[in-house]
Amino acid sequence: MWQSPSMSYEPPMSNDEFRRAGHEMIDWIADYWETVETRPVLSQVAPGDLRAALPASPPSTGEAWSEIMSDVDELIMPGITHWQSPNFFAYFPANASPPSVLGELMSAGLGVQGMLWATSPACTELETHMMDWMVDLCGLPDRFRSSGSGGGVIQDSASSGALVAILAARERTAGQYRWDELVAYTSEHAHSSMLKGCRIAGLMEDQVRLIQSDENFAMDAAALREAMQNDIVEGRRPFFVQATAGTTSSTAFDPIEEIADICKDFVAWLHVDGAFAGSAAVAPEFRFVNDGLDRVDSYTFNPHKWLLTNFDCSLFYVADRQPMIAALSVLPEYLRNAATDAGSVVDYRDWQVPLGRRFRALKLWFVIRTHGAEGLANFVRSHVEMAKDFDAKIAAHPQYEVVAPTALSLVTFRHIGGDADNERIRDAINHGGEAYITHTKLNDQVVLRLAIGAVRTEQRHIDAVYSLLAALA
Ligand code: PLP
């Protein structure tokens with residue numbers, strides 16, 4: 001017998017309460033940005049501190065919003081490392097600019113799943129349009145435009161872009177070679193995401209070669225050719241090369257033109273990882289970061305690193321979208337719709353690993369429209385200028401040396417005293433809280449990295465970190 005439902009969902013936050021809490025949240029974020037400079041950049045908590053302060057079990061009844069926000073201030077904030085601090089110089093930056101954050105908020109409010117054009121046409125079409133705008137803004141090759149055989153998509157990360165490129169490259173060899181014959185190549189200084197992508201794609205350790213680099217930490221093209229030739233002799237099939245435009249350790253640039261010649265000879269897919277450096281191309285004078293891209297199969301770079309757009313927003317371009325779609329498209333009945341069947345639309349679910357996808361283009365659109373091409377270019381220019389200044393100061397200091405060319409806004413340097421001194425200096429800066437820097441290894445030596453790129457970094461912050469380094473020398 002039918003019974004009327006006895007339970008109904010009572011939202012704990014009415015629309016009016018949401019409006020009030022939302023306004024307060026924007027104030028909270030704006031206050032945070034205004035004061036972030038005064039906080040210790042690297043979180044100073046110990047492992048387990050937060051877990052110990054949180055209740056062991058979830059609440060059985062709902063709690064007041066004000067209590068939750070006060071716990072944010074008391075419990076969560078001490079465990080935050082302040083990526084938006086102007087004194088954040090670690091890894092690479094992760095920009096969060098105001099228009100971008102508003103785009104993120106709106107995307108969450110719309111709650112769109114953009115897996116198919118039909119599930120929200122604006123989500124797909126704005127994304128295609130932004131990817132084409134970025135071709136214009138960065139002076140990228142026409143082969144990446146949506147009007148030709150290629151096109152672009154926003155991925156969550158450069159790691160996902162690399163994986164999609166590997167899968168597309170493997171698809172291109174389907175029917176010709178066995179998968180266990182395939183070999184992929186990259187340089188010893190490539191980002192670890194390439195190795196991870198190969199693993200996920202099912203390649204074994206002995207199907208990936210790390211090619212040696214030259215004195216500037218760029219891939220040695222002659223060594224690449226030799227490795228590929230040796231593999232052919234042994235009956236293997238070179239199918240994929242990942243080159244880097246701006247390595248993580250030192251922003252070294254692999255010789256893409258030469259590598260493209262080699263890939264052509266061996267019919268291998270060439271993917272270029274420009275995760276950090278790619279954004280520099282918004283300034284015409286830094287378009288050297290695009291050298292050779294008119295000859296590559298795929299390319300990725302991250303506005304979520306250095307182009308004012310908060311994580312996640314990684315742009316992935318292909319010159320020919322067919323192998324990628326062939327590798328990733330599976331169409332079950334429940335996703336069928338007239339637009340897909342007519343073949344008249346882009347369905348981005350076929351351009352990525354997951355099915356569901358967020359409306360990421362909104363934040364990029366907001367960032368581009370509020371800054372304009374000039375504003376974006378001036379943003380990266382200011383950081384490159386600061387890096388040149390810091391590089392010159394380090395080069396002039398008797399106890400420090402610059403270790404790799406400062407191509408853009410990353411300065412790689414070391415104290416001449418050796419590894420122990422560099423680790424001591426890094427730890428003193430980070431534990432003091434005034435700034436945050438990280439290290440890497442080049443030529444088997446510990447070196448320090450000053451990655452300039454946070455939204456609020458000014459020359460005075462560079463001067464301050466230099467003074468710290470000088471005092472610790
Ligand atoms: N490639 C390079 C050169 C990087 O520097 C990084 C991260 O710093 C990545 C790839 C990974 O980026 P993502 O976190 O978007 O996967």
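The values are calculated or read from the model by the stated rules, or taken from the named source; none is laboratory data. Small disclaimer: the values here were computed from a predicted structure and weren't measured. Reconstructed Cβ throughout: ideal geometry from the backbone, glycine too, with neighbour counts over all protein chains shown. These area figures cover heavy atoms from the full protein model, side chains too; ligands, DNA and RNA do not enter into them. Shrake-Rupley method; radii C 1.70, N 1.55, O 1.52, S 1.80 Å.
Can you give me the Cα centroid spacing of the range 113-171 and the range 233-276 in angstrom? So the separation of the two Cα centres works out to 21 Å.
Calculate, for the chain, the solvent-accessible area per residue in square angstrom, rolling a 1.4 angstrom probe over the heavy atoms of the protein chains.
Numbers: 21900 Å² over 473 residues.
Each residue of the chain exposes 46 Å² on average to a 1.4 Å probe.
Taking N as the number of residues in the range 95-221, what value does Rg over Cα atoms divided by 2.2 N^0.38 Å take?
Details: Rg = 18.4 Å, N = 127, 2.2 N^0.38 = 13.9 Å.
In units of the 2.2 N^0.38 Å rule of thumb, it is 1.33.
Computed over the Cα atoms, what is the radius of gyration of the range 112-358 divided by 2.2 N^0.38 Å, N being its residue count? Mind showing how you got there, number by number?
Numbers: Rg = 17.5 Å, N = 247, 2.2 N^0.38 = 17.9 Å.
Normalised Rg, Cα atoms only: 0.98.
What is the sum of charges, Lys and Arg at +1 and Asp and Glu at -1, for the other residues whose Cβ falls under 15 Å from the Cβ of F92?
Charge balance near F92 sits at 0.
Each part reduced to its alpha carbon centroid, the range 84-107 and the range 335-367 end up 25 Å apart. Once the Cβ-Cβ distance of V233 and S6 is raised to the sixth power relative to R0 = 60 Å, the FRET efficiency obtained is 0.20. Charges on Cβ only, +1 for Lys and Arg, -1 for Asp and Glu, centred on the Cα centroid of the range 370-473; of A473, A454, T406, which one is farthest towards the dipole's positive end? Of A473, A454, T406, it is A454. Measuring with a 1.4 angstrom probe and ignoring ligands and nucleic acids, L105 comes out at about 100 Å² accessible.
Which is farthest toward the positive dipole end of the range 112-358 among S314, Y185, G292, measuring Cα position about the Cα centre, with Cβ charges +1 (Lys, Arg) and -1 (Asp, Glu)? Result: S314, furthest along the dipole toward the positive end. Taking the 1.4 Å solvent-accessible surface of the range 280-345 as the whole, the part contributed by carbon and sulfur is 51%.
Modelling each spin label as a point 7 Å along the Cα-to-Cβ direction, I'd like the N378/M13 distance in nm, to one decimal. It is 3.6 nm. Amide hydrogen proximity for S213: with H placed 1.01 Å from N in the peptide plane, the residues at 5 or more positions away or on another chain lying under 5 Å are E188, D220. Placing one equal scatterer on every Cα of the chain and applying the Debye formula, the log10 ratio I(q)/I(0) at q = 0.12, 0.13 Å⁻¹ is -1.15, -1.29. Neighbours of Q242, meaning other residues whose beta-carbon lies under 10 angstrom from its beta-carbon, give a summed charge of -2 when Lys and Arg score +1 and Asp and Glu score -1.
Out of all DSSP beta bridges with both ends in the chain, state the antiparallel percent to the nearest 5.
Values: 23 of 41 bridges.
So the antiparallel bridges amount to about 55 percent of the total.
A crude spin-label estimate for the pair D291 and V267, with each label 7 Å from Cα along the Cβ direction, gives 3.0 nm. Convex hull volume of the Cα atoms of the range 1-144, normalised per residue: 235 Å³. Straightening the chain between V330 and D206 buys 41.6 nm, computed as 0.36 nm per residue apart minus the Cα-Cα spacing. Candidates A275, S157, I262 compared by Cα position along the dipole of the range 112-358: farthest toward the positive end lies S157, with charges placed on Cβ. Counted by Cβ distance under 9 Å from S187, the other residues give a net charge of -3, where Lys and Arg count +1 and Asp and Glu count -1.
Nothing charged except the Cβ atoms of Lys and Arg (+1) and of Asp and Glu (-1): what's the magnitude of the dipole of the range 112-358 about its Cα centre? Round to the nearest 20 debye. Write down the numbers at each step before the final one.
Numbers: 20 positive and 34 negative charges, 139 e Å.
About 660 debye.
Report the relative contact order of the chain, percent, no decimals, based on alpha-carbon pairs under 8 angstrom and at least 6 residues apart. It comes to 22 percent, rounded to a whole number. One compactness figure for the range 149-265 is 1.03, namely its Cα radius of gyration divided by 2.2 N^0.38 Å.
Sequence-ordered 3J(HN,Hα) estimates for the range 370-384 from the Karplus curve with 6.51, -1.76 and 1.60 and θ = phi - 60° stand at 6, 8, x, 4, 5, x, 5, 5, 5, 4, 5, 4, 4, 6, 5 Hz, glycine and proline given as x. Here the label points at A222 and R424, each 7 Å from Cα along the C-beta direction, are separated by 4.1 nm in the simple model. Given +1 on the Cβ of Lys and Arg, -1 on the Cβ of Asp and Glu, and no further charges, what dipole in debye does the chain carry about its Cα centre, rounded to the nearest 20? For this selection, approximately 540 debye. Heavy atoms only, probe 1.4 Å: what % of the accessible area of the range 57-98 goes to carbon and sulfur, would you let me know? Of all accessible area on the range 57-98, carbon and sulfur atoms account for 60 percent.
Between their Cα atoms, which of K363/K393; K196/K388; K196/K393; K196/K305; K264/K305; K264/K441 are more than 26 Å away from each other?
Working: K363/K393 37 Å; K196/K388 34 Å; K196/K393 38 Å; K196/K305 20 Å; K264/K305 31 Å; K264/K441 32 Å.
Distance filter (> 26 Å) returns K363/K393; K196/K388; K196/K393; K264/K305; K264/K441.
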